[in-house]
Amino acid sequence: MIVVRTPKTKEDFKAYYALRYHVLREPFNQQRGTEKDDFEPISQHFMAVDDATGEIVGVVKLFEKEPGVGQVSHMAVKPSRQRQGIGHILVEAVEAAAREKGYEVLGLMSRLTSTKFFEKFGYRVVGLPTHYFATVQLVWMEKSLKKPSP
Ligand SMILES: CC(C)(COP(=O)(O)OP(=O)(O)OC[C@H]1O[C@@H](n2cnc3c(N)ncnc32)[C@H](O)[C@@H]1OP(=O)(O)O)[C@@H](O)C(=O)NCCC(=O)NCCS
């Protein structure tokens, strides 16, 4: 079973950042350290753990981009475990945390290769794609967390 928890120990964080680096930076020959950004200290971190083995198979973080707007970032699922529902579990966990924080909007910079994934959960592209590094382009996507009026 996959459980989502917050990294707490030094070992948790080591494995958490290692997966982030492996999925999001290593394929583009980026140096170690580039998997972190300035928002680490003000972010909530989540990791999906296979409780049968204790292995970390997915990661994501959440921070307040501006008042009322949460930003999801650095979402990554271990390549051999992709398309098995782990991304979905992480989206649900991060959305629950965003609602708890009272954010009205939740957004993210999606790779163009992942927009279809986020569209499945109600995110819509807002704005134009921008080059990030190498061949990667990112585009802002967002969804409202406000309950529809009755
Ligand atoms: C994008 C990513 C997080 C998705 O995680 P995942 O565990 O593979 O996704 P899930 O298995 O939970 O997929 C949920 C649904 O989205 C679909 N889906 C997953 N990735 C998709 C993609 N890239 N394009 C289109 N659909 C996708 C699945 O088929 C599934 O559809 P279903 O509910 O109809 O069966 C993962 O592929 C990943 O880490 N990719 C590399 C890094 C990345 O792009 N991160 C995104 C932030 S920039």
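The residue list Leu112, Leu108 contains one member that is among the hydrophobic types (A, V, I, L, M, F, W, C), within 13 Å of the ligand (Cβ to nearest atom) and loosely packed, with under 15 Cβ neighbours inside 10 Å, which is Leu112. Scanning the range 98-135 for residues that are among the polar types (S, T, N, Q) and part of a loop (DSSP other than H, G, I, E, B) yields a single hit, Thr135. The one condition from (1) among the aliphatic types (A, V, I, L, M); (2) touching a strand residue (DSSP E or B) at 6+ places or on another chain (Cβ under 6 Å); (3) within 12 Å of the ligand (Cβ to nearest atom) that Ile56 does not meet is (3). When you check Ala76 against the structure, is it within 11 Å of the ligand (Cβ to nearest atom) and of a type outside the set (Ser, Thr, Tyr), yes or no? Considered against the rule, which asks whether it is within 11 Å of the ligand (Cβ to nearest atom) and of a type outside the set (Ser, Thr, Tyr), Ala76 comes out as yes. How many of the residues making up the range 37-63 are surrounded by fewer than 16 Cβ atoms within 10 Å (Cβ to Cβ) and assigned to a loop (DSSP other than H, G, I, E, B)? Of the residues in that region, 7 qualify. Here Phe28 clears all of (1) surrounded by 12 or more Cβ atoms within 10 Å (Cβ to Cβ); (2) at pLDDT 95 or above except the condition numbered (2).
Restricting the range 81-98 to residues that are surrounded by 15 or more Cβ atoms within 10 Å (Cβ to Cβ) and in contact (Cβ under 8 Å) with a residue 40 or more places away in the chain leaves a set whose member that is nearest to the ligand (Cβ to nearest atom) is Ile86.
Can Thr53 be described as closer than 20 Å to Phe28 by Cα and at pLDDT 95 or above? Explain how you work it out, then say what you get.
On the way: closer than 20 Å to Phe28 by Cα: no; at pLDDT 95 or above: yes.
Taking the combined requirement at face value, the residue does not satisfy it.
The values are calculated or read from the model by the stated rules, or taken from the named source; none is laboratory data. Quantities reported herein were computed from a predicted structural model and do not represent experimental measurements. Note: ideal-geometry Cβ built from the backbone for every residue, glycine included; neighbour counts use all protein chains shown.
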